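Asks: Quick one: the structure is below, questions incoming.
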Amino acid sequence: MKLGAFLWATGHHIAAWRHPHAHVTAGIDINHYIQLARTAEAAKFDLLFCEDAAGLREANVGIASQTSRSIGFEPISLLSALAVQTSRIGLVSTASTSYNEPYGLARTFLSLDHLSGGRAGWNLVTSASHIEAANFGATGLRPHADRYERAREFAEVVTGLWRDTPGQASGSGHDGQSFSVRDPLDLPPSPQGAPVMVQAGASDVGRDLAARTADVVFTAAQTFEEAKAFYDDLKGRLAAYGREPDDIKIMPGVAPVVAATEAEAQAKYEELQELIPDDVGVALLSSYLSISDLGRYPIDGPLPELPESEGMKSRQALVIEQSRRDNLSIRQLARHFAGARGHWRIVGTPVQIADELQARFEGGAADGFNVMPSYFPGELDAFAALVVPELQRRGLFRTDYEGHTLREHLGLKRPAWT
Amino acid sequence: MHLAVSLLSAAAEAQPGSGLDFAGLARLVQKAETAGLDMVLVADSAPAAGGDGPNGQMPFEATTLLAALATVTSRIGLVAAASTIAHQPYNLARRFASLDIISHGRIGWHAAMAPNSREAANFSRPEGFSPENFRRRAEEYIGIVQGLWRGWDADALLFDQAGGRFHDPEKMRVLDHKGAYFSVRGPLNVARSPQDAPVLVLSGLPEPDLDIAVRMADVILVDEASVERAKARFSDLKRRIAACGRDAHSARVLMTIALDGTTPPTASADSLEELFRSKSCDGFNILIPPQAGAVDNFSDRVLPELRRRGLFRLDYEGTTLRSHLGLAGGGHQ
Ligand SMILES: Cc1cc2nc3c(=O)[nH]c(=O)nc-3n(C[C@H](O)[C@H](O)[C@@H](O)COP(=O)(O)O)c2cc1C
């Protein structure tokens, strides 16, 4: 079983920063992150994972000011700092294909790979938010299909540059639809052959791009059936690109709330839920539905009918599906999603959580999990101290690193050209 | 006297493969910190390398290297070159803002002002830029970056857990820049710098473009010139800075020089002293090859001589790069 430690601000729960044990100044405290990285490394996690957005997460400043997510470290600089403060754990940063150029991004990730001795990964996203778009020109968010077409070309150029670094076959230029690149990179080849390619994006085109280029897929799924369907679908797409099922590791997000007893875990979860202001919860839900005015519908009424999103198609579908399945009101949905943004949440004892993870892992619905602690550092500490040993006892998770590079941790082949 | 060292500027002369790994670079910068220098400048060679071979110096891109160096040093200023072609202004402003928080206020951005057609060809601009276009674009770009760095007031973060107020909405400002080349809304999703804003270093400016530097730069790097020419240029720059409504001391002019390792220390100190005392600069940017021992020569031999003559401070007086340079900002003067 592969495990990622997903770092985000003060915690994945939207109200985490208000929890008395959360580290409220996380967004300006590098030592806090060094500590988290060392905790995760001591627990033998495969990787640290950082989300990203090139802009605020929330347009309404009144809402934004009630969360801790408007400020934080830019993840490539953060992981570069962590690279030399750790020695084994993988370092995966999200970066957008919509607001970068492939030459610069390929070079930056290769540099992170050298700083870390072959532990870097790039999570490719296409950026679905209007807020980000406004920081990169006046033309607004481009349609979903265009963003993915650009992403496909982007990924092709980046992997080409990694392959053609000096010392390897000499690079030829690229002159395509969205990008042109003349020279090979000026850095030595990657210590792990190439940085690991991660992808988050679960729409049909997103899955195809993952099947073509990704080594790891990060995804959101609530039920076993959803997770299993996604897993089988994605693995099934690999053959079309000449790849084997094992060439991709699928790691859905999981937001555990763990304590020694079930009652304690439940109380911990309730304590967090109590801290969510209604307007913050509804705003967060709106963003996953790509609808700006959800607040004008009665909060205890049902979700209105919505047009299909040009933003995050997969997340919108997931929310709508959940609202129908469980017949939830806007308030209930908002509170539900505020905890883990649509990812799978488990509240329970270490044994219960290990049971659940084991069932999805052995049931063929996941190769591992991206662990999303509800607040930092406490919930990462708790997972490392309570759940990891339980997984190790069952022989599901390593007791020490087998190799040094991220590819080695994940059991991924080196790219064919190396 | 302010003193900086530039790593890798002698890249072209060094042997491929003679560069240092991270541990070696870290030792070099730590040595410069022990010596009490104001800052280290790291070049970014991708564009300049011309793509015709491995960069023998450096397996690293400069901003990622700076983040790593920030965690193994505590006082010295760290400045990285980053081009206005390789990054979107929002992304660049954000990277440097983040570096500044990682380093507790010790970061600078060196925006080289010379257009590089080779670089543009790797960033989907095969047609390059005309010099005029490049200059106007760079000026707009730098204005955006500095504007984004000031998007959060110093006291914007409240951390009020009980009241549910993480930050004060009144103390965050959107930039809403709409210009000839860029449209950027802002604000940055990184907190304000501990030194208010990273230090802006400009270099390589031809005479007509010095207007940009006197308006925007915190540090202006100029080339070595005869004492007479350097004096005239220095007083002209200071006059122009004041003419923009800035305090004449609010931008530091450093002269870039290559010290010859074979010149006796006293002679080196003599020439630095002469240039400095004749009011031809605020200090020096010393080029050193990125090799072990390169800093030692300067810090163990020339620096004690400068200190003996009362030309250079004995130790850091503040914690931020702005405070080392005697620039306003950061409240850690
Ligand atoms: C699990 C998951 C995590 C994601 N994380 C990010 C992120 O950190 N930053 C981002 O800009 N987009 C993120 N996305 C969005 C997608 O990568 C993609 O950019 C967006 O267009 C949605 O794509 P889709 O419609 O294919 O799901 C994430 C998507 C998923 C499914």
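The values are calculated or read from the model by the stated rules, or taken from the named source; none is laboratory data. All values derive from a computational prediction rather than experimental measurement. Every residue, glycine as well, gets a Cβ built from its backbone with ideal geometry; the counts of neighbours run over all protein chains shown. The accessibility values were calculated without ligands, DNA or RNA, using every heavy atom of the protein model including side chains. Shrake-Rupley method; radii C 1.70, N 1.55, O 1.52, S 1.80 Å.
Asks: Does A:Glu305 count as open to solvent by 20 Å² or more (accessible area, probe 1.4 Å), at pLDDT below 95, of a type in the set (Asp, Glu) and closer than 28 Å to A:Lys249 by Cβ?
Replies: The answer is no for A:Glu305.
Asks: A:Ile63 is checked against (1) out of contact with any Ser or Thr (no Cβ under 7 Å at 6 or more places or on another chain); (2) within 11 Å of chain B (Cβ to nearest Cβ); (3) in a loop (DSSP other than H, G, I, E, B) and fails just one. What number does that condition carry?
Replies: (3)
Asks: I need every pair where a residue in segment A:26-51 that is closer than 15 Å to A:His12 by Cβ and charged (D, E, K, R) has its Cβ under 9 Å from the Cβ of a residue that is modelled with pLDDT of 95 or more and part of a helix (DSSP H, G or I), sequence separation at least 6 or different chains.
Replies: Close Cβ pairs (under 9 Å, with a partner that is modelled with pLDDT of 95 or more and part of a helix (DSSP H, G or I)) amount to A:Glu51/A:Pro75.
Asks: Go over the candidates A:Gly118, A:Gly193 one by one and state the one that is under 25 Å from A:Gly411 (Cβ atoms), open to solvent by less than 20 Å² (accessible area, probe 1.4 Å), touching a His at 6+ places or on another chain (Cβ under 8 Å) and away from the ligand (no atom under 16 Å from the Cβ). Please lay out each step first, then the result.
Replies: Values: A:Gly193 fails: touching a His at 6+ places or on another chain (Cβ under 8 Å).
Of the residues listed, the single one that is under 25 Å from A:Gly411 (Cβ atoms), open to solvent by less than 20 Å² (accessible area, probe 1.4 Å), touching a His at 6+ places or on another chain (Cβ under 8 Å) and away from the ligand (no atom under 16 Å from the Cβ) is A:Gly118.
Asks: Another question, if that's okay. Against the definition (touching a residue at least 60 places away in the same chain (Cβ under 8 Å) and either facing chain B (nearest Cβ under 7 Å) or open to solvent by 20 Å² or more (accessible area, probe 1.4 Å) (or both)), how does A:Ser129 come out, yes or no? Even if it seems obvious, please write down each step before you answer.
Replies: Values: touching a residue at least 60 places away in the same chain (Cβ under 8 Å): yes; either facing chain B (nearest Cβ under 7 Å) or open to solvent by 20 Å² or more (accessible area, probe 1.4 Å) (or both): yes.
When the stated conditions are applied, A:Ser129 passes them.
Asks: Let me ask you something else. Name the residues in segment A:281-294 that are open to solvent by 30 Å² or more (accessible area, probe 1.4 Å) and under 19 Å from A:Gly339 (Cα atoms), would you?
Replies: Scanning segment A:281-294 gives A:Ser287, A:Ser290.
Asks: Could you tell me which numbered condition B:Arg173 fails, if it satisfies all but one of (1) within 13 Å of chain A (Cβ to nearest Cβ); (2) buried (at least 18 other Cβ atoms within 10 Å of the Cβ)?
Replies: (2)
Asks: Could you pull out the residue among A:Gly364, A:Gly339, A:Gly403 that is under 30 Å from A:Trp162 (Cβ atoms) and either at pLDDT 95 or above or not basic (Lys, Arg) (or both)? Steps first, answer last, please.
Replies: Numbers: A:Gly364 fails: under 30 Å from A:Trp162 (Cβ atoms); A:Gly339 fails: under 30 Å from A:Trp162 (Cβ atoms).
When all the criteria are applied, what remains is A:Gly403.
Asks: Say whether the condition of being farther than 18 Å from A:Ala260 by Cβ and assigned to a helix (DSSP H, G or I) is met by at least one residue in segment A:364-376.
Replies: no
Asks: Which one of these does A:Val319 not meet: (1) more than 13 Å from A:Ala220 (Cβ to Cβ); (2) more than 17 Å from the chain's Cα centre (by Cα); (3) of a type in the set (A, V, I, L, M)?
Replies: For A:Val319, the failing item is (1).
Asks: A:Asp164 fails exactly one of the following numbered conditions: (1) touching an Asp or Glu at 6+ places or on another chain (Cβ under 9 Å); (2) within 11 Å of another protein chain (Cβ to nearest Cβ); (3) more than 12 Å from the ligand (Cβ to nearest atom). What is the number of that condition?
Replies: Result: A:Asp164 passes all but (1).
Asks: Scan A:His13, A:His32 and give me the residue that is in a loop (DSSP other than H, G, I, E, B), in contact with a helix residue (DSSP H, G or I) (Cβ under 8 Å, 6 or more places away or on another chain) and more than 7 Å from every other protein chain (Cβ to nearest Cβ). Step through it out loud before you land on a result.
Replies: Details: A:His32 fails: in a loop (DSSP other than H, G, I, E, B).
Just a single option satisfies the conditions, and that option is A:His13.
Asks: One residue is enough: does segment A:218-229 have a residue meeting the conditions within 11 Å of the ligand (Cβ to nearest atom), among the aliphatic types (A, V, I, L, M) and more than 16 Å from A:Leu124 (Cα to Cα)?
Replies: Yes, because at least one residue in segment A:218-229 is within 11 Å of the ligand (Cβ to nearest atom), among the aliphatic types (A, V, I, L, M) and more than 16 Å from A:Leu124 (Cα to Cα).
Asks: Could you tell me whether A:Asp355 is away from the ligand (no atom under 16 Å from the Cβ), modelled with pLDDT under 95 and open to solvent by 20 Å² or more (accessible area, probe 1.4 Å)?
Replies: Taking the combined requirement at face value, the residue does not satisfy it.
Asks: Name the single residue that is farthest from B:Trp149 (Cα to Cα) among those in segment A:59-73 being buried (at least 23 other Cβ atoms within 10 Å of the Cβ) and within 20 Å of the chain's Cα centre (by Cα).
Replies: If we take residues in segment A:59-73 being buried (at least 23 other Cβ atoms within 10 Å of the Cβ) and within 20 Å of the chain's Cα centre (by Cα), then A:Thr67 is farthest from B:Trp149 (Cα to Cα).
Asks: Another question about this same structure. For the subset of segment A:46-58 comprising residues that are open to solvent by less than 20 Å² (accessible area, probe 1.4 Å) and within 12 Å of the ligand (Cβ to nearest atom), which member is farthest from the other protein chains (Cβ to nearest Cβ)? Walk me through it before giving the result.
Replies: So the first thing to find is which residues in segment A:46-58 are open to solvent by less than 20 Å² (accessible area, probe 1.4 Å), and the list is A:46-50, A:53-56.
Filter once more, so that each one left must be within 12 Å of the ligand (Cβ to nearest atom): A:49-50, A:53-55.
Values: A:Phe49: 17, A:Cys50: 11, A:Ala53: 7, A:Ala54: 6, A:Gly55: 6 Å.
So, considering only residues that are open to solvent by less than 20 Å² (accessible area, probe 1.4 Å) and within 12 Å of the ligand (Cβ to nearest atom), the one farthest from the other protein chains (Cβ to nearest Cβ) is A:Phe49.
Asks: Sticking with this structure for a sec: Pick from B:Ala86, B:Ala81, B:Ala114: which is open to solvent by 10 Å² or more (accessible area, probe 1.4 Å) and more than 20 Å from B:Asp218 (Cβ to Cβ)?
Replies: Just a single option satisfies the conditions, and that option is B:Ala86.
Asks: Taking B:Gly128 as the residue in question, decide whether it is farther than 20 Å from B:Glu61 by Cβ and either in a strand (DSSP E or B) or more than 10 Å from every other protein chain (Cβ to nearest Cβ) (or both).
Replies: The answer is yes for B:Gly128.
Asks: Search segment A:76-99 for residues being in a loop (DSSP other than H, G, I, E, B) and either more than 7 Å from chain B (Cβ to nearest Cβ) or of a type in the set (Val, Ile, Thr) (or both), and hand back the single one that is farthest from the ligand (Cβ to nearest atom).
Replies: Step by step, filter segment A:76-99, then rank; the result is A:Ser87.
Asks: When only residues in segment A:332-345 that are open to solvent by 10 Å² or more (accessible area, probe 1.4 Å) and more than 16 Å from the ligand (Cβ to nearest atom) count, which is nearest to the other protein chains (Cβ to nearest Cβ)?
Replies: A:Arg335
Asks: For residues that are part of a loop (DSSP other than H, G, I, E, B) and open to solvent by 40 Å² or more (accessible area, probe 1.4 Å), scanning just segment A:308-331, find the one that is nearest to the ligand (Cβ to nearest atom).
Replies: Among those that are part of a loop (DSSP other than H, G, I, E, B) and open to solvent by 40 Å² or more (accessible area, probe 1.4 Å), it is A:Met312.
Asks: Do you know which of the residues in segment A:204-217 that are over 14 Å from A:Arg150 (Cβ atoms) and surrounded by fewer than 22 Cβ atoms within 10 Å (Cβ to Cβ) is farthest from the ligand (Cβ to nearest atom)?
Replies: Within segment A:204-217, the first condition is being over 14 Å from A:Arg150 (Cβ atoms), and the residues that meet it are A:204, A:207-208, A:210-212, A:214-217.
Narrowing the set further to residues that are surrounded by fewer than 22 Cβ atoms within 10 Å (Cβ to Cβ) leaves A:204, A:207-208, A:212.
Working: A:Asp204: 8, A:Arg207: 8, A:Asp208: 10, A:Arg212: 14 Å.
So, considering only residues that are over 14 Å from A:Arg150 (Cβ atoms) and surrounded by fewer than 22 Cβ atoms within 10 Å (Cβ to Cβ), the one farthest from the ligand (Cβ to nearest atom) is A:Arg212.
Asks: Between A:Thr108, A:Thr139, which is more than 13 Å from the ligand (Cβ to nearest atom), of a type in the set (Val, Ile, Thr) and open to solvent by 20 Å² or more (accessible area, probe 1.4 Å)? Working first, answer last.
Replies: Values: A:Thr108 fails: open to solvent by 20 Å² or more (accessible area, probe 1.4 Å).
Answer to the check: A:Thr139.
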